[in-house]
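Read the structure below first, then the notes.
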Amino acid sequence: MIGLIVTGHGNFATGITSSLRLIAGEPTDYAAVDFTIEMSTEQLEERLDAAMTSLEATCDGGILVLSDLAGGSPFKMAVMCSLHHPNVEVVAGTNLPMLLEIGMSREFASDVHALADQAIATGSKQVVKFDFAAMGAQESQPANDEDGI
């Protein structure tokens, strides 16, 4: 199993974890590490290091860290910690579809590097914009008897 750590500014990690639990159930081999306003970067680094150390004991497939922003303190501290832990990948730009996909598929994955690539691909595909023009074109087509959007 590949371990999973989510980190970010404020309550990003625990907030997005709450959504994960609601949709997919309680994750295993998982840690949410928030970086709240009263914490120093040293405290964040300690918590990330402790999470990595804990997951290494049960996750022989490596650890994937999902962070909110590239270049932010949670991302930088995760990268710094990963230098002392083998087989750790750090990805920034986490969104809920990415977390759901990775959270559910990591049980069957054996390569943390491929899983990191999968996270990036999934997260990128889920950033979309609603297009009213396309919706208008759909409305002008004859309706069918199917329910849905």
_Top of Gly15, Gly62, Gly123 by mean-square fluctuation, Gaussian network on the chain, Cα under 10 Å_ = Gly15
*Here are some values of Cα Rg over 2.2 N^0.38 Å: [x] 1.19; [y] 1.23; [z] 1.62. Which one was computed from this structure?*
[y]
*With every protein chain left in place, what is the accessible area of Ser82 in Å² (1.4 Å probe, nearest 10)?*
20 Å²
*In deg cm²/dmol and to the nearest 500, what is the mean residue ellipticity at 222 nm of the chain if only DSSP H runs of at least 4 residues count, each as -39500 (n - 2.57), divided by the residue total?*
-14500 deg cm²/dmol
*Leaving out ligands and nucleic acids, note down the accessible area per residue over the chain with a 1.4 angstrom probe, in whole Å².*
58 Å²
*At a probe radius of 1.4 Å, what is the per-residue accessible area of Leu20, in Å² to the nearest 10?*
10 Å²
*asked:* Using +1 at the C-beta of Lys and Arg and -1 at the C-beta of Asp and Glu, which of Gly61, Thr94, Ser105 has the Cα lying farthest in the positive direction of the dipole of the chain?
replied: Thr94
*Using a 1.4 angstrom probe on heavy atoms only, work out the carbon and sulfur share of the accessible area of region 34-144 in %.*
57 percent
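The values are calculated or read from the model by the stated rules, or taken from the named source; none is laboratory data. What you are looking at is a predicted structure, and each value in this text was computed from that prediction instead of being measured. Don't worry about glycine lacking a Cβ; one is built from the backbone with ideal geometry, like all the others, and counts go over all protein chains shown. Keep in mind that these areas ignore ligands, DNA and RNA; they rest on the heavy atoms of the full protein, side chains included. Shrake-Rupley method; radii C 1.70, N 1.55, O 1.52, S 1.80 Å.
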